[in-house]
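The values are calculated or read from the model by the stated rules, or taken from the named source; none is laboratory data. Keep in mind that what you see is a predicted model, and the values were worked out from it rather than measured. Cβ: placed from backbone, ideal geometry, glycine included. Neighbour counts: every protein chain shown. To get the accessible areas, we keep the full protein, side chains included, count just its heavy atoms, and leave off ligands, DNA and RNA. Shrake-Rupley method; radii C 1.70, N 1.55, O 1.52, S 1.80 Å.
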Amino acid sequence: MQTKQKTGPRFNIFDVLIILAVISCIAAIVVKVFFIEEVQADLNNAEITFIVENVSEGTAEAFCVPDRQIYLQDDDTQIGTLQSASYSAQKLLVEDAGGKLVEADHPTKKQIQGVASMSGYWSEDGFLIGGTHLATVGSTFKIYTKDVACTIKIVGIAE
Amino acid sequence: MLQQRKKARFNLVDALIIIFILAVIAVAAYLLLSVLRQPRTVSNSGQIEFDVRISNVDESCLSLIKNGDTVKDSVTGAVLGTIVDVQTEKAQYYGTVAVEEDGVITVPTTDYTDKYDVYVKITANAEKDERGIHTVAGTRIVIGSTVYFKVPSFTSISYITEFSTRTPG
């Protein structure tokens with residue numbers, strides 16, 4: 001005597017887990033996309049004061065050209081525009097004959113002081129340049145312009 | 001008694017899972033393609049000459065950097081150009097004890113006897129993007145750019161100190 005066993009489709013715990021995982025991924029992507037769009041819609045301008053240390057005079061001269069666009073070296077993102085820049089001798093701390101630390105000018109290296117206008121987003125952690133790169137006093141960025149590549153160190157941020 | 005073989009059956013849940021996975025892949029692909037930066041438009045700008053400085057080269061290595069050598073990027077292996085001129089000057093040591101002269105505090109400097117700063121002029125074919133920035137084999141040609149300098153018997157990190165474009169003559 002034959003007995004027929006019905007084996008229909010069975011919905012088990014693994015199916016549930018897979019579906020939940022896929023739905024979570026879709027939700028994460030949607031949230032991220034809409035968050036980024038919102039951030040970019042609310043970008044503000046900030047005045048960033050920065051220094052560039054220990055560069056040659058040739059580099060300093062080439063850098064101090066106003067209205068140059070500033071880009072990040074890592075991803076070529078344009079982050080702002082140079083408003084003004086000047087340079088002076090790089091200061092060094094050296095010992096005098098008595099062993100006391102004194103400040104002296106480096107014989108060849110220069111320090112650039114500059115101000116750039118950058119667009120970004122104010123968050124509770126600080127100013128996010130382009131909505132994505134956190135800038136605080138003391139942070140450094142590898143940047144380039146049409147003429148020069150260097151590292152800037154932020155010394156001031158103002159609205 | 002006959003044994004019935006249970007066949008794997010493609011059911012509705014399997015279909016839903018497959019549709020979901022395909023949808024996730026499609027969304028991810030769309031996001032990636034739209035987020036990826038549009039490549040900058042480049043054009044061939046012709047010949048460019050740029051100088052790189054290699055600091056503190058041992059005197060014994062100076063002969064390894066010669067006119068006519070092909071310069072490559074030591075990281076990527078890409079050809080960067082050809083050496084057309086090599087200049088050297090003694091590398092400088094900066095003292096740590098200040099010297100006071102006429103009330104002015106200065107840092108004493110001394111020439112190294114066996115180390116040199118080498119300035120190498122390289123000529124290459126460059127590309128220029130819509131911003132006017134030149135690149136050679138992916139290396140951005142601006143002052144201060146790092147060049148991973150390699151000639152047949154010598155490798156070092158160097159930095160661009162100068163560049164100029166030449167119009168074809």
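So the values come out like this:
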quantity	calculated
Among residues of region B:135-152, those that are open to solvent by 20 Å² or more (accessible area, probe 1.4 Å) and in contact (Cβ under 8 Å) with a residue 60 or more places away in the chain, counted	6
Verdict on residue A:123 being within 30 Å of residue B:128 (Cβ to Cβ) and small (Gly, Ala, Ser)	no
Residues of region A:107-120 satisfying the condition of being surrounded by 19 or more Cβ atoms within 10 Å (Cβ to Cβ) and touching a Gly at 6+ places or on another chain (Cβ under 7 Å)	A:116, A:118, A:120
Every residue from region B:155-169 that is closer than 17 Å to residue B:143 by Cα, at pLDDT 95 or above and polar (S, T, N, Q)	B:158, B:161
Residues of region B:75-96 classified as small (Gly, Ala, Ser) and closer than 25 Å to residue B:135 by Cβ, total	3
Selected residue [at pLDDT 95 or above and out of contact with any Leu (no Cβ under 7 Å at 6 or more places or on another chain)] from A:102, A:65, A:115	A:115
Strands (runs of 3 or more DSSP E) contained in region A:87-159 and holding at least 3 residues away from every other protein chain (no Cβ under 11 Å)	A:101-123, A:126-129, A:133-135, A:149-158
Filter result for residue B:118 (in contact with a helix residue (DSSP H, G or I) (Cβ under 9 Å, 6 or more places away or on another chain), away from chain A (no Cβ under 11 Å) and at pLDDT 95 or above)	yes
Verdict on residue A:62 being part of a loop (DSSP other than H, G, I, E, B) and in contact with an Asp or Glu (Cβ under 9 Å, 6 or more places away or on another chain)	no
Residue in region B:112-124 that is of a type outside the set (Ser, Thr, Tyr), in a strand (DSSP E or B) and over 27 Å from residue A:147 (Cα atoms) present	yes
Count of residues meeting criterion [part of a loop (DSSP other than H, G, I, E, B) and either basic (Lys, Arg) or over 16 Å from residue B:55 (Cα atoms) (or both)] in region B:126-156	10
Residues being out of contact with any Asp or Glu (no Cβ under 9 Å at 6 or more places or on another chain), open to solvent by 60 Å² or more (accessible area, probe 1.4 Å), in a strand (DSSP E or B) and not hydroxyl-bearing (Ser, Thr, Tyr) - total across region B:62-86	1
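This table checks each residue for (1) at pLDDT 85 or above; (2) surrounded by fewer than 10 Cβ atoms within 10 Å (Cβ to Cβ).
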| position | (1), (2) |
| --- | --- |
| B:31 | no, no |
| B:47 | yes, no |
| B:51 | yes, no |
| B:60 | yes, yes |
